[in-house]
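Contents: one structure, followed by commentary.
Throughout, read-outs are computed from the coordinates displayed, never taken from laboratory work. On a predicted model such as this, the values are computed, not experimentally measured, just so you know. Using ideal geometry, Cβ is built from the backbone for each residue, glycine included, and neighbour counts are taken over all protein chains shown.
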Amino acid sequence: MSNSWFKKGPEAGMKEKEKNDTIAKMKKEKSIPRFRLKAGESAKVIFVDDEGFYIYEHNIEMNGYWGNYFTCTKEMSGECYNCEQGKKPTFTGYYTIIDNRQFTRKDGTISKNNKILFPAKGTAIKILDDLRKKNGGLVGLAFEIKRYTAEDPNCGINFTLLGKVDIASKLGKENAVPFPYEKVLAPPTDKELEGLGFVPKTVGRNIPEVAGDDLLTDVAVIVTDEEALSDLF
């Protein structure tokens, strides 16, 4: 009979506590909500920036749960434990967005227009670059984004432009400032990795990019659909 449901002895107990403390500290410092859509879902968002912050990252299972993202360290130090285990990281371009979706917090309060991370993957990276070129930038642009199938990146694949928004005047100056990516997406330190105290399982899926040089061409005149934007605020 397995006794994996408990720890015995001061050494085992302290080791487990250190692991939990490390996880809690990392989540507090780096845990920022990430945009994702289920297949068939759509959402309205506003882009806060348009440069893109590109990294390779691993999705690590912790205590039976996925969705714990760690920046791959191979490009920085030439070594990465997860890569050495044969697990490929996913190339991701990060942006800061305002997510218009409404949700209810644990205390019952309703939250809307939250500043979160947008992880562009696969074909979405190319589409966003085309949209940036076509519209002279992405800052302040509102889109309705849709994910059609489970094979599409979970950030969505279809971007319908709704118009342009002055984020600072509509939602406050603090929401017009992108996240400090170099801090919130920084690779875990050796101490943090050691503190986890277990061999992680990782997953990374590289979604092939579709050739899309002609997806969007020329610079467009942005026409704001006032009706489509009316329910954002």
Open item on the list: Can you give the FRET efficiency to the nearest 0.05 for Lys191 and Arg105, using r as the Cβ-Cβ distance and R₀ = 45 Å?
Closed with: 0.90
- [ ] Give Lys17/Lys191; Lys115/Lys164; Lys126/Lys170; Lys38/Lys183; Lys115/Lys146 a once-over and call out the pairs whose C-alpha atoms are over 22 Å from each other.
- [x] Lys126/Lys170; Lys38/Lys183
Open item on the list: Taking loop as defined by DSSP and a crowding limit of 16 other beta carbons within 10 Å, which trypsin sites (Lys or Arg not before Pro) in the stretch 112-197 fit?
Closed with: Lys112
Open item on the list: If I stretch the segment between Asp166 and Glu75 completely, what's the gain in nm (0.36 nm per residue apart, minus their alpha carbon distance), one decimal?
Closed with: 29.1 nm
Task: Where GluC sites (Glu not before Pro) fall in DSSP loop in the stretch 128-183, at most 10 other Cβ within 10 Å - done: Glu151
Open item on the list: On a full-extension model of 0.36 nm per residue, what is the gain between Asn114 and Glu16, subtracting their alpha-carbon distance, rounded to one decimal in nm?
Closed with: 31.9 nm
